[in-house]
Amino acid sequence: MSTFRTLDDLGDVTGKVALVRGDLNLPMQDGTVTDDTRVRAAAATILELAGKGAKVLLLAHFCRPKGERVSTQSLSMVIDCLQSVLEREVMFVSEIAGPVVAQSLGILRPGDIAVLENTRFWKGEEKNDPELVKAIAANGDFYVNDAFSAAHRAHASTEGLAHVLPAYAGRSMQAELEALEKALGNPQKPVAAVVGGAKVSSKLDVLKHLVGKVDHLIIGGGMANTFLAARGVSVGKSLCEHDLAATAEEILDNADKAGCTVHLPYDVAVAKEFAANPSSLRICNVHEVAADEMILDVGPLAVEALGDVLKICRTLVWNGPLGAFEIAPFDAATVALARTAAALSREGSLVSVAGGGDTVAALNHAGVAGDFSYVSTAGGAFLEWMEGKELPGVVALER
Ligand code: ADP
Ligand code: MG
């Protein structure tokens with residue numbers, strides 16, 4: 001049961017002004033959008049509101065202009081992309097509040113769409129300044145937050161507006177919250193988590209939170225080396241944070257107390273150099289890593305056993321690749337386990353939720369992103385959610 005209002009709760013909005021916070025922080029090169037994934041994610045909410053006859057004003061940030069107008073960071077640059085994805089005319093307004101916005105509203109008809117300027121051109125945005133919030137709200141009738149990826153920030157456009165206008169979750173926010181609720185909020189058990197990636201230090205809070213939440217914690221990637229080393233395994237030249245040995249021990253102890261089974265690799269792919277298909281490539285037991293070798297991937301026996309763990313689980317949450325997946329053949333474990341998870345998800349026996357920049361890239365590389373129940377592209381917000389933190393943009397919608 002969701003504790004936030006959605007677009008289903010809207011009454012008649014004909015001619016009303018919807019202030020919609022979206023994620024339009026699009027990757028660009030030379031003024032052209034290189035990936036329109038975020039616009040496609042925002043389209044459902046925008047078109048639904050326009051279809052209901054609202055005047056849609058889109059609010060979003062782009063890059064980090066730090067409270068100054070930076071012409072190369074104007075949201076006018078996303079208009080072409082929006083028009084082609086939405087197949088609709090989209091107006092650009094060079095302000096986010098005040099008479100210029102009010103005048104535009106006189107021109108817009110019900111069902112029309114406009115993009116307001118980069119919210120971060122105004123200092124009050126990141127300060128969540130009540131004056132700016134009031135000024136933006138003055139031109140709107142209701143507020144829709146569709147930017148989960150910005151929900152870990154309490155900014156004027158992501159949090160403040162929810163307190164002064166009737167507030168609703170947009171469709172992509174709603175989908176994200178529902179998927180996350182299924183994965184960790186109120187999941188079907190047993191629950192498995194895969195945590196990989198480069199370093200323990202960047203995911204300490206994730207690991208600490210997950211051991212109290214999940215039944216199986218699968219640790220891979222460079223961070224597994226830190227755990228192995230803490231257990232007395234010689235990891236050679238592997239990426240390893242030896243100074244975090246005590247922390248790793250503590251996490252393993254807490255897992256034990258919470259009844260969470262931690263899975264560390266028992267065989268690994270090693271090499272002497274970090275290069276594609278190196279001649280020094282070898283698969284060995286974790287206890288056989290030589291002093292001049294690096295662990296770059298989980299080994300095939302361990303991956304098979306991990307697949308068996310997923311088969312007895314009903315829910316999976318995944319952040320971080322199991323190996324240095326950018327370089328062949330160290331993508332093998334990530335690809336194999338991702339394919340197992342995808343097959344189980346297709347069969348309906350596993351709810352699978354994944355997130356993280358490199359994780360999404362790895363799932364795309366494995367060709368299975370579409371088979372996961374939900375793939376979050378939210379980055380920082382997804383990680384904070386994995387850490388068990390409350391996201392201010394979400395909390396504001398709930399109250
Ligand atoms: P995400 O972006 O999904 O949160 P991370 O940024 O934490 O993931 O981790 C991804 C990085 O971890 C990749 O660049 C990958 O090469 C690296 N990595 C994974 N396993 C290893 C390893 N054994 N040794 C060195 N780097 C690794
Ligand atoms: Mg990353």
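The values are calculated or read from the model by the stated rules, or taken from the named source; none is laboratory data. Here the structure is a predicted model, which is why all the values come from computation and not from measurement. Every residue, glycine among them, receives a Cβ derived from its backbone with ideal geometry; neighbour counts consider all protein chains shown. Ligands, DNA and RNA are stripped out before the accessible areas are found, and what is left, the full protein with its side chains, is counted by its heavy atoms. Shrake-Rupley method; radii C 1.70, N 1.55, O 1.52, S 1.80 Å.
For segment 202-222, indicate whether the set of residues that are open to solvent by 10 Å² or more (accessible area, probe 1.4 Å), more than 19 Å from the chain's Cα centre (by Cα) and among the hydroxyl-bearing types (Ser, Thr, Tyr) is non-empty. Within segment 202-222, none of the residues are open to solvent by 10 Å² or more (accessible area, probe 1.4 Å), more than 19 Å from the chain's Cα centre (by Cα) and among the hydroxyl-bearing types (Ser, Thr, Tyr). Listed by first and then second residue, the pairs with beta-carbon distance under 8 Å, at least 6 apart or on different chains, first residue in segment 239-263 and closer than 14 Å to Asp205 by Cα, second among the charged types (D, E, K, R) and part of a helix (DSSP H, G or I), are Ile251/Lys208; Asn254/Lys208.
Of the residues making up segment 185-221, those that are near ligand 1 (Cβ under 10 Å from one of its atoms) and at pLDDT 95 or above are Val195, Gly196, Val206, Gly220, Gly221. For segment 123-138, does any single residue satisfy the condition of being over 18 Å from Ala50 (Cα atoms), outside any helix (DSSP H, G or I) and not aliphatic (A, V, I, L, M)? Scanning segment 123-138, I find at least one residue that is over 18 Å from Ala50 (Cα atoms), outside any helix (DSSP H, G or I) and not aliphatic (A, V, I, L, M), so the answer is yes. Within segment 106-118, if we keep just the residues that are of a type outside the set (A, V, I, L, M, F, W, C), in contact with a strand residue (DSSP E or B) (Cβ under 9 Å, 6 or more places away or on another chain) and farther than 17 Å from Gly22 by Cβ, the residue that is surrounded by the fewest Cβ atoms within 10 Å (Cβ to Cβ) turns out to be Arg109. Would you call Lys208 within 16 Å of ligand 2 (Cβ to nearest atom), within 25 Å of Leu383 (Cβ to Cβ) and not in a loop (DSSP other than H, G, I, E, B)? For Lys208, the condition - within 16 Å of ligand 2 (Cβ to nearest atom), within 25 Å of Leu383 (Cβ to Cβ) and not in a loop (DSSP other than H, G, I, E, B) - is not met. Hey, can you tell me all the residues within segment 354-376 that are within 12 Å of ligand 1 (Cβ to nearest atom), open to solvent by 30 Å² or more (accessible area, probe 1.4 Å) and touching a residue at least 60 places away in the same chain (Cβ under 8 Å)? Result: Asp358, single match. Here Leu239 passes the criteria (1) assigned to a loop (DSSP other than H, G, I, E, B); (2) more than 16 Å from ligand 2 (Cβ to nearest atom); (3) crowded, with 16+ Cβ neighbours inside 10 Å except the one numbered (2).
Between Gly388, Gly379, the distinction of being within 16 Å of ligand 2 (Cβ to nearest atom) and in contact (Cβ under 8 Å) with a residue 12 or more places away in the chain belongs to Gly379 only. Just one of (1) within 22 Å of Gly388 (Cα to Cα); (2) more than 16 Å from ligand 2 (Cβ to nearest atom) fails for His163. It is (1). The criterion of being more than 12 Å from ligand 1 (Cβ to nearest atom), under 27 Å from Gly388 (Cα atoms) and surrounded by fewer than 24 Cβ atoms within 10 Å (Cβ to Cβ) does not hold for Leu301. Among the residues making up segment 314-353, those that are in contact (Cβ under 8 Å) with a residue 40 or more places away in the chain, over 21 Å from Leu296 (Cβ atoms) and either within 16 Å of ligand 2 (Cβ to nearest atom) or part of a loop (DSSP other than H, G, I, E, B) (or both) are Arg314, Leu350. For first residues located in segment 284-306 and assigned to a strand (DSSP E or B), partners that are of a type in the set (Asp, Glu) and lie 6+ apart or on another chain with Cβ distances below 7 Å form the pairs Cys284/Asp267; Asn285/Asp267.
Selection of segment 321-353 for residues being among the hydrophobic types (A, V, I, L, M, F, W, C), within 13 Å of ligand 1 (Cβ to nearest atom) and out of contact with any helix residue (DSSP H, G or I) (no Cβ under 6 Å at 6 or more places or on another chain) yields Ala324, Ile327, Ala328, Phe330, Ala332. Of the residues making up segment 80-105, those that are assigned to a helix (DSSP H, G or I) and closer than 18 Å to Leu19 by Cβ are Leu82, Leu86, Pro99, Val100, Val101, Ala102, Gln103, Ser104, Leu105. Residues of segment 282-298 that are touching a Pro at 6+ places or on another chain (Cβ under 7 Å) and surrounded by fewer than 22 Cβ atoms within 10 Å (Cβ to Cβ): Ile283 alone.
Looking only at segment 66-79, residues that are in contact with a Ser or Thr (Cβ under 9 Å, 6 or more places away or on another chain) and open to solvent by less than 40 Å² (accessible area, probe 1.4 Å) come to 2 in all. A search for C-beta distances below 7 Å between a residue of segment 40-56 that is touching a residue at least 24 places away in the same chain (Cβ under 8 Å) and any residue that is assigned to a helix (DSSP H, G or I) and β-branched (Val, Ile, Thr), counting only pairs 6+ apart in sequence or on different chains, returns Arg40/Val85; Ala43/Val85; Val56/Ile46.
Within the set Leu57, Leu24, Leu47, Leu19, the sole residue that is part of a helix (DSSP H, G or I) and at pLDDT 95 or above turns out to be Leu47.
Taken as a whole, the structure places Asp112 among residues that are in contact with a helix residue (DSSP H, G or I) (Cβ under 9 Å, 6 or more places away or on another chain) and acidic (Asp, Glu). Among the residues of segment 161-201, those identified as touching a Cys at 6+ places or on another chain (Cβ under 7 Å) and buried (at least 21 other Cβ atoms within 10 Å of the Cβ) are Val191, Ala192.
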